[in-house]
1. Only Cα pairs under 8 Å and at least 6 apart count here; give the relative contact order of the chain as a rounded whole percent.
2. If r is the Cβ-Cβ distance from Asn126 to Ala96 and R0 is 41 Å, what FRET efficiency results, to the nearest 0.05?
3. Hey, got a sec? Which chymotrypsin sites (Phe, Trp or Tyr not before Pro) in the stretch 76-117 land in a DSSP loop and have at most 16 other Cβ atoms within 10 Å?
4. By count of other Cβ within 10 Å, fewest leading, how are His145, His97 ordered?
5. For Leu87 paired with Arg194, estimate the spin-label separation in nm (one decimal), with each label point 7 Å from Cα along the Cα-to-Cβ line.
6. If you take every residue apart from Thr115 with its C-beta less than 11 Å away from the C-beta of Thr115, what net charge results, scoring Lys and Arg +1 and Asp and Glu -1?
7. What does a probe at Thr27 reach in the stretch 35-67, counting residues whose amide N is under 17 Å from the point 7 Å along Cα→Cβ?
8. Quickly work out the Ser77-to-Thr36 label distance, labels modelled 7 Å from Cα along the C-beta direction, and quote it in nm with one decimal.
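All of the numbers you see were taken from the coordinates with simple rules; none came from a lab. Quick caveat: nothing in here was measured; it's all calculated off a predicted structure. Cβ coordinates were reconstructed from backbone atoms using ideal geometry, including for glycine residues, and neighbour counts include every protein chain displayed.
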Amino acid sequence: MKRKHQFGLVLFFCFCLLIIAQAKAQTFAYKLHKNTSITNYTMPYRLFVPEGYDSTKIYPLVLFLHGAGERGTDNESHIAYIRGAKLWAEKTNQAAHPCFVIAPQCPADKQWVNTNWSNGSYSIDNVTVSNELLMVKDIIASLQHEYKIDSTQMFVTGLSMGGYGTWDFILRYPQMFKAAIPICGAGDPSKAGRIRKTPLRVFHSSDD
């Protein structure tokens, strides 16, 4: 009886270690970024560093841009309630494709793209790039100085307001990302030629 009890404790201990290891493998660090040449506020973001990061190797990077409902400064809601960023950090995906994942948070009164969503498409000639996207671009640049990130293997995806941000990013900086997954967003169709060689997986519903 005592041996069974001990065996049960060992199994429980192993199970706890497995849960801890899985949680650790999907840990997103809390980060803050400030660049007063762009804007005066500090942008919160979450960063996932591949487990066993080796500075002698180079790694891809995935950027996830959240939607309007996750705006704020808590550095939580944009990652806690949707899988947009966490999906890429899941253990099975990291085992096959180890990569950095970043998830910045847009302030409550701002947008990734300064356009009226009800109008759908817009002209980037008439809409200047937002400070928010410039901050994200600066975050990526700072991470490239700190870590071995492959500039030819960077990917962007975003949902709703983040879908707008995804389109805006690749249309303004067509050489920056290798591929993109915009989800229920809009961009500038007149500039489609800029991304004719960019692999895209686009998701959009009739009511978006």
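1. It rounds to 20 percent for the chain.
2. 0.45
3. Filter output for the stretch 76-117: Tyr81.
4. Listing His145, His97 from fewest to most nearby Cβ atoms yields His145, His97.
5. 2.5 nm
6. Surrounding charge for Thr115 is -2.
7. Counting only backbone N, you get 46-54.
8. 2.9 nm
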